[in-house]
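Structure record follows, encoded as structure tokens.
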Amino acid sequence: MKLLSIASGSSGNCYYVGNSDTHLLVDVGISCKRVENALKDEGIKPSELDGVLVTHEHIDHVKGIGVLARKHGVPIYATAGTIAEMKKMTSLGSIDEGLFHEIRPDEKILIKDITVDPSSIWHDAADPVCYSLYGDGKKVSIATDMGNYNDYIVDKLDNSDIMVVEANHDVRMLEAGPYPYYLKRRILGNYGHLSNELSGQLIYRLLNDHVKGIILGHLSKENNFEELAYETVKLELENNSYANDVREFGLAVARRDMPMAAIEA
């Protein structure tokens with residue numbers, strides 16, 4: 001199993017997860033062209049995609065999905081609430097009804113040889129989910145756009161070999177920044193986004209002996225930056241008595257403007 005972060009941030013999100021036989025995207029919040037270029041660099045044709053797993057309907061997660069679906073006929077997997085909201089979005093254009101496939105939280109589905117496990121998350125969207133994907137005896141999880149987490153989320157993400165975990169904002173930067181009060185409250189609320197500190201606390205609970213990579217994702221352009229997210233998460237781990245070097249499990253920060261190097265589980 002391989003994970004490639006194509007783009008991650010408040011301006012657009014897209015991840016590739018796959019193996020030699022099955023090729024999946026999680027969200028397409030960037031242009032179809034950027035997706036095509038990233039896949040080409042990995043030797044994958046867009047026509048080989050077996051599906052797009054959509055976490056929720058916000059534009060930074062679905063911006064390019066209409067073009068991708070029309071151009072390459074890629075199936076779209078999402079919850080009923082997410083599908084309903086996507087169909088209302090004129091910016092996506094018309095999408096063939098037959099490409100939509102409804103999924104339900106906590107009901108696993110099989111796409112060729114990869115098992116997909118969607119889990120409900122706290123976010124201000126119709127019916128948002130995060131995903132864990134199982135294949136080749138490995139587990140890859142992608143969990144962003146969460147205002148908070150609980151034992152259910154920890155249990156669903158536990159034992160991942162590779163994971164993307166949201167580290168959206170620095171609380172002090174957000175509070176002192178130019179955003180209007182209502183937007184600050186939304187981001188900081190239980191249905192907003194994970195701060196760097198909460199990200200570090202969640203990651204501490206998810207660490208295991210076989211993890212190959214933990215990627216900090218969905219950083220805010222206005223209220224965070226890569227070095228701050230990395231160092232804050234590192235400090236949270238140290239404060240929770242994690243004594244090893246974070247480089248041992250490949251802690252890294254996803255880029256919004258370019259793909260990262262792919263990680264093999």
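Brief remarks on what is shown
- Contacts under 6 angstrom Cβ, first residue in the range 127-153 being in contact (Cβ under 8 Å) with a residue 12 or more places away in the chain, partner surrounded by fewer than 21 Cβ atoms within 10 Å (Cβ to Cβ) and among the aromatic types (Phe, Trp, Tyr), 6 or more apart: Met146/Trp122; Gly147/Trp122; Gly147/Tyr191; Asn148/Trp122
- If you go through the range 165-194 and keep only what is in contact (Cβ under 8 Å) with a residue 12 or more places away in the chain and small (Gly, Ala, Ser), you end up with Ala167, Gly177, Gly189, Gly192.
- Gly217 over 20 Å from Asp257 (Cα atoms) and in contact (Cβ under 8 Å) with a residue 12 or more places away in the chain: no
- Scanning the range 179-205 for residues that are of a type in the set (S, T, N, Q) and either over 16 Å from Asp151 (Cα atoms) or in contact with an Asp or Glu (Cβ under 8 Å, 6 or more places away or on another chain) (or both) turns up Ser195, Asn196, Ser199, Gln201.
- Filter result for Ala252 (in contact with a Lys or Arg (Cβ under 6 Å, 6 or more places away or on another chain) and under 23 Å from Leu3 (Cα atoms)): no
- Ser119 satisfies every condition listed in (1) under 18 Å from the mean Cα position of the chain (by Cα); (2) in contact (Cβ under 8 Å) with a residue 60 or more places away in the chain except (2).
- Ser94 being of a type in the set (Ser, Thr, Tyr) and more than 26 Å from Tyr191 (Cα to Cα): yes
- Scanning the range 147-186 for residues that are under 24 Å from Tyr230 (Cβ atoms), out of contact with any strand residue (DSSP E or B) (no Cβ under 9 Å at 6 or more places or on another chain), surrounded by 13 or more Cβ atoms within 10 Å (Cβ to Cβ) and aliphatic (A, V, I, L, M) yields a single hit, Met173.
- Screening the range 39-82 for residues that are polar (S, T, N, Q) and buried (at least 21 other Cβ atoms within 10 Å of the Cβ) and picking the one that is nearest to Met1 (Cα to Cα) gives Thr55.
Readers should treat all values here as calculations from the given coordinates under stated rules, not as data from a laboratory. Computed from a prediction, not measured in an experiment: that's the story for all the values here. Cβ sites come from the backbone with ideal geometry, for glycine too, and all protein chains shown count toward neighbours.
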